[in-house]
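The values are calculated or read from the model by the stated rules, or taken from the named source; none is laboratory data. No experiment lies behind these values; they were computed from the predicted model shown. All Cβ positions, even for glycine, are placed from backbone atoms using ideal geometry, and neighbour counts span all protein chains on display.
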Amino acid sequence: MDGAQAETAAAPVILQELTDDGVLVLTLNRPDRHNAWNLEMELQYNAAFDRVNEDRRIRAVVLTGAGGTFCPGMDMSVLDASSSGTKPFTTMPLPPRTRPLTSRKPVVAAINGACAGIGFSQAVMSDIRFAVPEAKFAVAFSKLGLMAEDGVSWLLPRLVGVGHASDLLLSSRAIRGEEALAMGLVNRLIPAGELLQAAVDYAGQLATRCSPWAMATIKAQLAADQATGYEPALTASLQLLTEAKRRPDYREGVVSYLEKRPPRFEALAPDQGIRPAQATG
């Protein structure tokens, strides 16, 4: 049994816990390697997001890391092998590393420590980012002789502006939570002992109070409308509004408000709604 197989046998490198509210907590679980990314993590991560799409009980996702880190990037053993000309990853086709971005269900990143490289990419692709003040963010690509991977050069300027994105991408310098909050990289700073619960509570509100179809459609709109002008976005929104008013979620939202009770929205079917990946295409 090789090292990767032994690690998988010992413990999953992606932990999954589904709350009663329909929030799936995904924990990157290689604490002995600070949750550095490897092939086993990639395979289990993709399988977890396949479950997110298929399981109607899941209405929101929280992504975090075990121990005191989120994800510092690719495992150095993988980078060492790759930079020397070998192929440390399988040759089988793998999905693009855009699963939080293309998920039709909202993803909240709870960034509890070091967040760099592919970990930075997955956090940026999440819909909402909570972090501890001590969290350390670094893109890291330029210091490894790499370019901006996984479409981060498209995503990051839309979060923090071209000036901040240029600074972070060109220098690969590390920033802490306060600076990340000031530039708009994270939505909220939460004390370390409260971070995960705050993220789960927020995701729980999305899961119990918001229409799954509406959230999937809004994610698609946000992705598509960044690449178009206002008039096409307005036209598309009017078309979607006509569809929304025909859906039972619209009636349920109004009735639950009038009756002063929590809404009972239908779960999102695996093939239902607009996919963000399609919207960006």
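Would you pick out the residues in region 217-233 that are assigned to a helix (DSSP H, G or I) and either closer than 27 Å to P100 by Cβ or assigned by TED's automatic domain parsing to the domain that holds V152 (or both)?
T217, I218, K219, A220, Q221, L222, A223, A224, D225, Y230, P232, A233
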Practice task
Being part of a strand (DSSP E or B) and touching a residue at least 60 places away in the same chain (Cβ under 8 Å) is the filter here, so list the residues in region 11-27 that pass it.
Solution key: V23, V25
Handout entry: Residue, farthest from M41 (Cα to Cα), within region 115-169, restricted to residues that are among the β-branched types (V, I, T) and in a loop (DSSP other than H, G, I, E, B)
Key = V132
Exercise for the section: Residue by residue through region 123-173, note down the ones that are within 28 Å of V200 (Cβ to Cβ), of a type in the set (D, E) and more than 17 Å from the chain's Cα centre (by Cα). Expected result: E134
Problem - V186, sole failed condition from (1) in a helix (DSSP H, G or I); (2) within 23 Å of R99 (Cβ to Cβ); (3) of a type outside the set (D, E, K, R) - result: (1)
Practice task
Tell me, yes or no, whether region 245-256 has at least one residue that is in contact with a helix residue (DSSP H, G or I) (Cβ under 7 Å, 6 or more places away or on another chain), in a helix (DSSP H, G or I), modelled with pLDDT under 95 and not assigned by TED's automatic domain parsing to the domain that holds T102.
Solution key: yes
